[in-house]
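**Q** I am attaching a structure below and will ask some questions about it afterwards.
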There are 2 protein chains.
Amino acid sequence: MQNARSMWSERLADVLTVYVLTDRGLSGGLSEQDVVRHAIDGGATAIQLRWKDAPMREAVSIARELKSICAERDVLFVINDRIDLAMAIEADAVHLGEDDLPIPEARKLIGDSMILGYSPADLDEVEWAFEAGADYLGVGPVYGTSSKDDAGEAVGIERMREVRRLTDRPFVGIGGIHAGNAAPVIEAGADGVAVISSVVAQADIESAARSLRLVVDDALSRTRS
Amino acid sequence: MQNARSMWSERLADVLTVYVLTDRGLSGGLSEQDVVRHAIDGGATAIQLRWKDAPMREAVSIARELKSICAERDVLFVINDRIDLAMAIEADAVHLGEDDLPIPEARKLIGDSMILGYSPADLDEVEWAFEAGADYLGVGPVYGTSSKDDAGEAVGIERMREVRRLTDRPFVGIGGIHAGNAAPVIEAGADGVAVISSVVAQADIESAARSLRLVVDDALSRTRS
């Protein structure tokens with residue numbers, strides 16, 4: 001496998017700007033492929049296939065198509081949880097949580113073949129995660145969320161500042177974020193926002209992604225200047 | 001990784017004789033480790049960790065212990081479904097079904113580092129599965145079963161004969177098998193029996209495994225003579 005890790009890692013913070021997670025149940029019968037095309041048309045910079053109960057046979061085929069759609073548009077393609085699926089289709093990245101295969105074991109399996117994202121359980125895991133082999137973090141839930149039933153209590157904007165004080169490595173805020181509340185997440189130090197409902201559950205996915213991108217880019221230009 | 005595939009494959013039919021699948025929900029609070037120790041004491045020759053909803057962090061730790069317990073007793077240790085977990089702990093084998101990662105992709109990931117088992121959806125898949133990289137098959141459900149809610153309708157003893165006519169490679173019957181109905185499965189051509197409830201849900205797991213082993217060994221000695 002190619003060293004996709006080094007290829008992406010130089011500009012990882014930039015490709016995490018608007019990070020859209022798929023959710024079949026929320027997309028009203030639209031295929032993952034259509035959801036992802038619309039999201040990218042609107043300005044999504046990273047796509048995560050999140051589909052825990054997928055029959056793997058179907059997931060492999062859909063993941064391959066999504067990878068190709070993302071590759072054409074220079075969008076980071078991430079597989080949630082299943083390292084075997086990510087390796088089989090040579091995804092750009094795999095994203096793990098505290099209940100998934102631990103980072104050291106995961107990094108050993110994937111080598112430098114892909115980016116590894118991690119959702120730390122708490123602040124204590126932030127520095128450890130990067131040392132153990134993570135390339136970026138997903139931190140949340142920033143606001144309350146209904147899309148992930150295992151997301152836990154909201155950690156708030158303050159958590160973004162705390163994480164930024166601990167590391168200069170890339171991280172995104174996740175949880176209940178939409179165009180109306182995304183700017184404070186970026187202003188508090190996140191490199192991007194990860195969203196589900198506020199893009200994939202909208203009637204006009206492209207427009208929802210575009211509004212989010214506009215707000216996030218604006219906040220980034222102000223905080224980084 | 002060692003070439004565990006060639007190490008086991010020469011005597012694979014023999015180690016598939018009494019193949020016990022774990023099931024946390026059926027084992028009345030007993031740990032997987034205790035279930036497996038008792039089953040092996042009774043004569044189990046292969047153990048499969050089947051625990052689809054396991055938090056992987058916990059699964060890694062339990063799987064490592066089970067691997068060590070099995071290795072001490074020269075018992076084949078199989079991980080169900082999760083190729084990433086199997087690779088992370090260097091299991092002896094991984095077992096896949098029709099909804100899991102397809103055999104060619106799976107074999108590409110694991111190379112010759114482990115045995116690959118497969119549950120074919122129907123007879124048409126038997127020869128293809130071995131050509132695609134499977135080392136043994138699990139065929140069933142032989143009888144009705146309540147342990148696996150996705151098991152489908154019973155295929156009956158005749159299916160064992162049909163599979164044996166198609167291949168001389170190893171396969172086990174699975175589904176509703178216990179000491180009282182195991183002999184016909186072997187007599188019809190299976191190399192062994194895979195069981196869940198009839199061992200792991202019994203008050204005396206060791207004794208249940210011993211009875212099954214006795215019956216299967218007796219049937220094997222009659223059919224192979």
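The values are calculated or read from the model by the stated rules, or taken from the named source; none is laboratory data. All of these numbers come straight from a predicted model, not from anything done at the bench. Using ideal geometry, Cβ is built from the backbone for each residue, glycine included, and neighbour counts are taken over all protein chains shown.
**Q** Among the residues of segment B:64-78, are any modelled with pLDDT under 95 and within 13 Å of chain A (Cβ to nearest Cβ)?
**A** No - not one qualifying residue is present in segment B:64-78.
**Q** Filter segment B:196-216 for residues that are over 16 Å from the mean Cα position of the chain (by Cα) and of a type outside the set (A, V, I, L, M) and give the result. Reasoning before the result, please.
**A** As a first pass, look at segment B:196-216 and keep what is over 16 Å from the mean Cα position of the chain (by Cα): B:201-208, B:210-211, B:214-215.
Of everything in segment B:196-216, those that are over 16 Å from the mean Cα position of the chain (by Cα) and of a type outside the set (A, V, I, L, M) turn out to be B:Gln202, B:Asp204, B:Glu206, B:Ser207, B:Arg210, B:Ser211.
**Q** Related question: Kindly check whether there is at least one residue in segment A:102-114 that is under 15 Å from the mean Cα position of the chain (by Cα) and touching a residue at least 60 places away in the same chain (Cβ under 8 Å). Please lay out each step first, then the result.
**A** Initially, segment A:102-114 is screened for residues under 15 Å from the mean Cα position of the chain (by Cα), giving A:114.
Then keep just the ones that are touching a residue at least 60 places away in the same chain (Cβ under 8 Å); that gives A:114.
Taking every residue of segment A:102-114 in turn, at least one turns out to be under 15 Å from the mean Cα position of the chain (by Cα) and touching a residue at least 60 places away in the same chain (Cβ under 8 Å).
**Q** Here is a further query. Report, by residue number, each residue of segment A:103-131 that is assigned to a helix (DSSP H, G or I) and either out of contact with any strand residue (DSSP E or B) (no Cβ under 9 Å at 6 or more places or on another chain) or within 13 Å of chain B (Cβ to nearest Cβ) (or both). Lay out the reasoning, then the answer.
**A** In the first step, residues of segment A:103-131 are kept if they are assigned to a helix (DSSP H, G or I); the result is A:103-110, A:125-131.
Across segment A:103-131, the qualifying residues are A:Ile103, A:Pro104, A:Glu105, A:Ala106, A:Arg107, A:Lys108, A:Leu109, A:Ile110, A:Glu125, A:Glu127, A:Trp128, A:Glu131.
**Q** Could you tell me whether segment B:169-187 includes any residue that is at pLDDT 95 or above, among the basic types (Lys, Arg) and in a helix (DSSP H, G or I)? Walk me through it before giving the result.
**A** Of all residues in segment B:169-187, those at pLDDT 95 or above come to B:169-179, B:181-187.
Then keep just the ones that are among the basic types (Lys, Arg); that gives B:169.
Narrowing further to those that are in a helix (DSSP H, G or I): none.
Within segment B:169-187, not a single residue is at pLDDT 95 or above, among the basic types (Lys, Arg) and in a helix (DSSP H, G or I).
**Q** What is the number of the single condition among (1) within 15 Å of the chain's Cα centre (by Cα); (2) surrounded by 24 or more Cβ atoms within 10 Å (Cβ to Cβ) that A:Asp84 does not meet?
**A** (1)
**Q** Between a residue in segment A:78-91 that is part of a loop (DSSP other than H, G, I, E, B) and any residue that is charged (D, E, K, R), which pairs come within a Cβ distance under 6 Å, given they are 6 or more apart or on different chains?
**A** Taking only residues 6 or more apart or on different chains, the pairs are A:Asp81/A:Asp100; A:Ile89/A:Arg64; A:Ile89/A:Lys67.
**Q** May I pose another question? Restricting to segment A:104-130, name every residue that is within 19 Å of A:Arg164 (Cα to Cα) and touching a Phe, Trp or Tyr at 6+ places or on another chain (Cβ under 6 Å).
**A** A:Gly117, A:Ala129
**Q** How about segment A:1-55: which helices (runs of 4 or more DSSP H) wholly inside it have at least 2 residues that are under 12 Å from A:Asp92 (Cβ atoms) and more than 16 Å from the chain's Cα centre (by Cα)?
**A** Working: elements: A:4-9, A:12-15, A:32-42.
Counting at least 2 such residues, we get A:4-9.
**Q** Out of all the residues in segment B:188-209, which are in a helix (DSSP H, G or I) and surrounded by fewer than 20 Cβ atoms within 10 Å (Cβ to Cβ)? Outline the logic, then answer.
**A** If we filter segment B:188-209 for residues that are in a helix (DSSP H, G or I), which is where we start, we get B:197-200, B:205-209.
If the condition is that a residue be in a helix (DSSP H, G or I) and surrounded by fewer than 20 Cβ atoms within 10 Å (Cβ to Cβ), then B:Ser197, B:Glu206, B:Ser207 are the ones that fit.
**Q** If you go through segment B:87-101 one residue at a time, do you hit one that is at pLDDT 95 or above, surrounded by fewer than 20 Cβ atoms within 10 Å (Cβ to Cβ) and more than 10 Å from chain A (Cβ to nearest Cβ)?
**A** Yes, because at least one residue in segment B:87-101 is at pLDDT 95 or above, surrounded by fewer than 20 Cβ atoms within 10 Å (Cβ to Cβ) and more than 10 Å from chain A (Cβ to nearest Cβ).
**Q** Identify, please: which residue in segment A:123-139 is in contact (Cβ under 8 Å) with a residue 12 or more places away in the chain and out of contact with any helix residue (DSSP H, G or I) (no Cβ under 7 Å at 6 or more places or on another chain) and is, among those, farthest from A:Ala46 (Cα to Cα)? Outline the logic, then answer.
**A** To start, the set of residues in segment A:123-139 that are in contact (Cβ under 8 Å) with a residue 12 or more places away in the chain comprises A:123, A:125-127, A:129-130, A:132-139.
Now narrow it down to the ones that are out of contact with any helix residue (DSSP H, G or I) (no Cβ under 7 Å at 6 or more places or on another chain): A:125, A:130, A:138.
Values: A:Glu125: 24, A:Phe130: 20, A:Gly138: 13 Å.
The qualifying residue farthest from A:Ala46 (Cα to Cα) is A:Glu125.
**Q** If you don't mind, another one. Filtering segment A:37-63 down to residues that are within 14 Å of another protein chain (Cβ to nearest Cβ) and in contact (Cβ under 8 Å) with a residue 24 or more places away in the chain, which residue is surrounded by the fewest Cβ atoms within 10 Å (Cβ to Cβ)?
**A** Going residue by residue through segment A:37-63, those that are within 14 Å of another protein chain (Cβ to nearest Cβ) are A:51-63.
Narrowing the set further to residues that are in contact (Cβ under 8 Å) with a residue 24 or more places away in the chain leaves A:51-52, A:56, A:59-60, A:62-63.
Working: A:Trp51: 22, A:Lys52: 9, A:Met56: 24, A:Ala59: 23, A:Val60: 19, A:Ile62: 19, A:Ala63: 24.
Among those residues, the one meeting the criterion is A:Lys52.
**Q** Give all pairs with beta carbons closer than 7 Å in which a residue from segment B:197-224 that is free of Cβ contacts under 8 Å to residues at least 60 places away in the same chain and at negative phi meets a residue that is in a helix (DSSP H, G or I) and of a type in the set (D, E, K, R); count only pairs at least 6 apart in sequence or on separate chains.
**A** These pairs meet every condition: B:Ala219/B:Glu187; B:Thr223/B:Glu187.
**Q** Kindly list, by first and then second residue, each pair from a residue in segment A:1-30 that is closer than 21 Å to A:Gly42 by Cβ to a residue that is at pLDDT below 90, limited to pairs with Cβ atoms under 7 Å and residues at least 6 apart or on different chains.
**A** A:Thr22/A:Trp51; A:Asp23/A:Ser147; A:Arg24/A:Trp51; A:Leu26/A:Ser147
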